[in-house]
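The values are calculated or read from the model by the stated rules, or taken from the named source; none is laboratory data. Note that the coordinates shown come from a computational prediction; the quantities given were computed from them, not determined experimentally. Because the Cβ atoms are built from the backbone with ideal geometry, glycine has one as well, and the counts that use them run over all protein chains shown.
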Amino acid sequence: MKLGIVGLPNVGKSTLFNALTSAGAEAANYPFATIEPNVGVVNVPDERLDVLAKLSKSEKIVHTNIEFYDIAGLVKGASKGEGLGNQFLSNIREVDAIVHVVRCFDDENIIHVDGLIDPLRDIENINLELIFSDLEQVENRYGKVVKKARAEKSLAKERDLLEKIKNALEEGKAAREVELDEEEEKIIKNYSLLSAKPVIYVCNVAEEELNKEDNEYVKKVREYAEKSGDEVVVISAEIEAEIASLDPDEKELFLEELGLDSSGLDKLIKSSYKLLGLISFLTTGEMETRAWTIKKGSKAPTAAGKIHTDMERGFIKADTVSYKDLVESGSVAAAREKGLIRSEGKDYVVEDGDVIVFKFNV
């Protein structure tokens, strides 16, 4: 999974990226401190892996991971080449979802590219640039398809879809707000439209505001996101930077002192999984205990293919037990004796936390 961290200059993007990935990207109090996208890989926290590894006496634990891309600050007019313009926009096309950092704190020592703090204006500025960029792309494609569709009837569906998307973009709507059928969904994926990507708004607040419910900036962002069905996570980038420098035990104590049950990274990952419709299944044995990420609703052969394409091609069955049942039983052998390990076939829909052994023949 690839997530692109975006936002206006000086909203805390690089500070947050550093905290999440400990990658040491430059974080400076001036626009465009980030030019090329910085990339950091983060393990997805999953306490179930530690428990299963002890149960199986595994030699190693392998987490699934997320790639975070810290992309240059965007300014009004980027779709026309302002700031870093199209360089920014091309980088963002590569990600699965957008993490849009919005400044929700006042600090006269940190300049704002537009002077005053206004999160909704900031959100609209970036969203419009994404829409303008998409509109240019769609119009170019639409012109070509209309001409070809006169002779090639098979292009009629794409032509109609492009017209529908174009009309929405011209009205200032994001491509993800347009209702599409299954076939249209497949077609639109080929365009990599920026405004079609799901969004998580990260409200970057001051440390003292983190546990408060009355931050007016955050309230406005939540109301905005509700209308579009996007996710919102409230984070203090400065606190996340402190957490990143601590070992696990110190981190737990620090979170307790702040009255928090999880870090901003944990919240962001949870929201990312929810937004993209992802779950994890698990494998465990003496060699390793491992988490694998798949789309919610995936069937057993697809999950097997996540491990190796041969497993999907030669799929026979999936010996499956829920994480809860396996841990309560104390061992795979005990779970088998209790009849808790099920033999599932090709139509089985994998559940989050399933512990699976695939049987296949190639």
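Can you pull out the residues in the range 251-270 that are touching a helix residue (DSSP H, G or I) at 6+ places or on another chain (Cβ under 7 Å), surrounded by 17 or more Cβ atoms within 10 Å (Cβ to Cβ) and farther than 15 Å from residue 68 by Cα?
263
List the helices (runs of 4 or more DSSP H) inside the range 109-203, counting only whole elements, that have at least 1 residues being basic (Lys, Arg), touching a strand residue (DSSP E or B) at 6+ places or on another chain (Cβ under 6 Å) and surrounded by 12 or more Cβ atoms within 10 Å (Cβ to Cβ).
none
Here's the yes/no breakdown for (1) under 25 Å from residue 362 (Cα atoms); (2) of a type in the set (Gly, Ala, Ser):
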site	(1), (2)
269	no, no
285	yes, yes
288	yes, no
299	yes, no
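Which one is modelled with the highest pLDDT among residues in the range 28-61 that are small (Gly, Ala, Ser) and under 25 Å from residue 264 (Cα atoms)?
40
Only one residue in 273, 323 is out of contact with any helix residue (DSSP H, G or I) (no Cβ under 6 Å at 6 or more places or on another chain), among the aromatic types (Phe, Trp, Tyr) and either under 20 Å from residue 44 (Cα atoms) or buried (at least 19 other Cβ atoms within 10 Å of the Cβ) (or both). Which one?
Just a single option satisfies the conditions, and that option is 273.
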